[in-house]
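Scroll down for the structure; my scribbles are underneath it.
The values are calculated or read from the model by the stated rules, or taken from the named source; none is laboratory data. As the structure is a prediction and not an experimental result, all values here were calculated from the model. With ideal geometry, Cβ positions are generated from the backbone for all residues, glycine too; neighbour counts draw on all protein chains shown. Areas reflect the complete protein model, heavy atoms only, side chains present, ligands, DNA and RNA absent. Shrake-Rupley method; radii C 1.70, N 1.55, O 1.52, S 1.80 Å.
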Amino acid sequence: AQSVSQHNHHVILSEAASLELGCNYSYGGTVNLFWYVQYPGQHLQLLLKYFSGDPLVKGIKGFEAEFIKSKFSFNLRKPSVQWSDTAEYFCAVNDAYNTDKLIFGTGTRLQVFP
Amino acid sequence: EAGVTQFPSHSVIEKGQTVTLRCDPISGHDNLYWYRRVMGKEIKFLLHFVKESKQDESGMPNNRFLAERTGGTYSTLKVQPAELEDSGVYFCASSQSRFGGYTFGSGTRLTVV
């Protein structure tokens, strides 16, 4: 069965620090990969997605993620975080051909202090 | 474009009562999805509509949950009777095409006491 692991449950950073959130998935077939973000009091928003092609994907607000197929990983990065990046981040995957049902990780809560 | 709208935003009900959650997708989006997040756990798929038809309801926890999408527009998710373990945040999402990213609503926080 598909599963997604997010290793960091709670991350605390100071502004301007670099960010990397881990995401590993378990699935034998071809997948699509997503990162969603939920800012306090808001809805889940798509940060970026990978379907095929260049494994380095750039998203909104300066975020990027790299798909490493051999490691089943899709880590999210940002070189310099801002206070406004405080939010919960979710990695998700779906089977690229058979279903659009998303399998989510448990989420990582990021707090950025000024 | 208006987003996905869910209401109520919060609902507190007693065990054994009935609650109906509503989702209005983005106009023209044939695909509508329900997900749920129980506190501290991952967001889990409940079901998927294509227009008014249930495409996949494999995530529905039991027969106390009933989802409908009359006329292929808005959808309702009824829980009857509610149990304590049904507490959580219920998300709705819609998309124009399958296999792409969805647009999520803000969710309904359901508390069963």
For the protein assembly as shown, report the translational diffusion coefficient in µm²/s to the nearest whole number, using Stokes-Einstein at 10 °C, 1.306 mPa s, and a Kirkwood Rh over Cα pairs.
-> 88 µm²/s
Separation of region B:53-113 and region A:19-70 by C-alpha centroid, Å?
-> 24 Å
How much accessible surface does residue B:34 have with a 1.4 Å probe, in Å² rounded to 10?
-> 0 Å²
Using 7 Å Cα-to-Cβ label points, what is the residue B:73/residue B:54 separation (nm, one decimal)?
-> 2.3 nm
Ranked order, B:18, B:76 - accessible area, probe 1.4 Å, largest first | B:18, B:76
Please give the per residue accessible area of chain B, computed with a probe of 1.4 Å over protein heavy atoms only, in Å².
-> 49 Å²
Between residue A:106 and residues 5 or more places away or on another chain, which pairs have amide H atoms under 5 Å apart, with H built 1.01 Å from N, and which residues are they?
-> A:6
Highest GNM mean-square fluctuation, chain A, Cα pairs closer than 10 Å: which of A:104, A:51, A:34?
-> A:51
So which GluC sites (Glu not before Pro) in region B:1-83 are both in a DSSP loop and have at most 14 other Cβ atoms within 10 Å of their Cβ?
-> B:1, B:14, B:52, B:57, B:83
Please give the residues of region B:50-65, grouped as numeric ranges, whose backbone N is less than 12 Å from a label point set 7 Å along the Cα-to-Cβ vector of residue A:98.
-> none
Ignoring ligands, DNA and RNA, how do B:27, B:97 rank by accessible area with a 1.4 Å probe, largest first?
-> B:27, B:97
Rounded to one decimal in Å, the inverse mean reciprocal Cα-Cα distance for region B:5-112, i.e. its Kirkwood radius, is 13.7 Å
Diffing region B:55-64: the Karplus 3J(HN,Hα) column from phi (6.51, -1.76, 1.60, θ = phi - 60°), in whole Hz with x for Gly and Pro, holds 7, 8, 10, 5, x, 5, x, 6, 7, 7
Solvent-accessible area buried by pairing B with A, both sides, nearest 100 square angstrom, 1.4 angstrom probe = 1700 Å²
Provide B:74, A:89 ordered by accessible surface of protein heavy atoms (probe 1.4 Å), highest first.
-> B:74, A:89
Estimated Rh, region A:1-75: Kirkwood, alpha-carbon pairs, angstrom = 13.6 Å
Carbon and sulfur: what percent of region A:3-113's accessible surface (1.4 Å probe)?
-> 53 percent
Using the structure shown, list the pairs from A:78/A:101; A:49/A:71; A:49/A:69; A:101/B:51; B:15/B:78; A:69/B:54 with a Cα-Cα distance above 21 Å, or answer none.
-> A:78/A:101; A:69/B:54
